[in-house]
1. Of all the helices (runs of 4 or more DSSP H) wholly in segment 118-205, which have at least 1 residues that are surrounded by fewer than 19 Cβ atoms within 10 Å (Cβ to Cβ) and at pLDDT below 95?
2. Tell me yes or no: at least one residue of segment 228-251 is touching a residue at least 40 places away in the same chain (Cβ under 8 Å), farther than 30 Å from Ala183 by Cα and assigned to a loop (DSSP other than H, G, I, E, B).
3. With respect to Leu9, is the statement that it is closer than 20 Å to Leu141 by Cα, surrounded by 24 or more Cβ atoms within 10 Å (Cβ to Cβ) and within 21 Å of the chain's Cα centre (by Cα) true?
4. Given the conditions (1) touching a strand residue (DSSP E or B) at 6+ places or on another chain (Cβ under 9 Å); (2) among the polar types (S, T, N, Q); (3) crowded, with 17+ Cβ neighbours inside 10 Å, which single one is not true for Thr66?
5. Does Phe112 fit the bill of being surrounded by fewer than 19 Cβ atoms within 10 Å (Cβ to Cβ), in contact (Cβ under 8 Å) with a residue 40 or more places away in the chain, among the aromatic types (Phe, Trp, Tyr) and in the same structural domain as Arg50 (by TED's automatic domain parsing)?
Amino acid sequence: MSAPTKLHLRLPATSANLGPGFDALGLAMALYLTIDATPAAAFRIEATGRNADLCGSLENNLILTTYTSLLTSLGQQATPLFLQINNEIPLGMGCGSSAAALLSGVLLANHFGDLNWTTQQILEEACRREGHPDNVAACYLGGMTASAMYGSQVVTATCGQNLTWNLLLALPSASLATEKARALLPPTYTRADAVANIQATALLVAAFAQNRPDLLRIAMQDRIHQPYRMEACPLLPLLLPLNQHPGVLGVALSGAGPSVLVIAESASSNLPEIIRQTAKDSTLEILQTTIAGGAILAVS
């Protein structure tokens, strides 16, 4: 095998949709899945960080399942790996954990299978497995990434990597499966709702591209998915009024939920407590972070 023996990966969490940008927009956040992978005699994982027990399990591990199934589909036997994993991404919270896992599996297969795939091939394989491109594209490319499927091709555009806005993730105690969240959505929408979301999404992309924080309060309004997910994501209706709070730029469900993303113009020491008071939950977990760049790969 001509590939170097060790691969280091660091992939960011992502918040998709950002209100109106359903299945089209994703935002990379500086919370990371970090993996050091080395060939081994048998598959083995050492995991630290959030949900270390799940990340460290060999059973139903999305990283390893993606890695082995991709190489098997190409007629290759997967080299057993020793993975040292540190995870900062909340699982089942709408923060792109599955996209990071899928993308890392594809990157491991590309490296240890000596596939020599292009960035576009890697991105399209991960998006095909995820089913939609928003989280995967933002995880790989960073910043605020808009993405669309054109046949089997993934088309992307990224902006906002250098914005200094503060991101706060409010994490309820119970997770929500993406499949369950999608089942809550109606099969059709009115023209008025569709037009409202198109307008808001256009403004949202402009806000990130032009560093226009003044647009976010309007641009993050949604009529396509958030109203239908309120019951399964009870934190959202409690925190949406923060959209009018001084210093808060916008509030939206993170991905399919149940976490809520609050964007603030700058870091604030009292905003987490304001969020807890608004949610009427003094123990609510809140992660403060920033906009991140894309995936980092290093070989040795």
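The values are calculated or read from the model by the stated rules, or taken from the named source; none is laboratory data. A quick note: this is a predicted structure, and the numbers were derived from the prediction, not measured. All Cβ positions, even for glycine, are placed from backbone atoms using ideal geometry, and neighbour counts span all protein chains on display.
1. Values: elements: 119-130, 134-141, 178-183.
By residue number, 119-130, 178-183.
2. Looking through segment 228-251, none of the residues is touching a residue at least 40 places away in the same chain (Cβ under 8 Å), farther than 30 Å from Ala183 by Cα and assigned to a loop (DSSP other than H, G, I, E, B).
3. Details: closer than 20 Å to Leu141 by Cα: yes; surrounded by 24 or more Cβ atoms within 10 Å (Cβ to Cβ): no; within 21 Å of the chain's Cα centre (by Cα): yes.
No; evaluated as a whole, the condition is false for this residue.
4. Just one mismatch for Thr66, condition (1).
5. Numbers: surrounded by fewer than 19 Cβ atoms within 10 Å (Cβ to Cβ): no; in contact (Cβ under 8 Å) with a residue 40 or more places away in the chain: yes; among the aromatic types (Phe, Trp, Tyr): yes; in the same structural domain as Arg50 (by TED's automatic domain parsing): yes.
No; evaluated as a whole, the condition is false for this residue.
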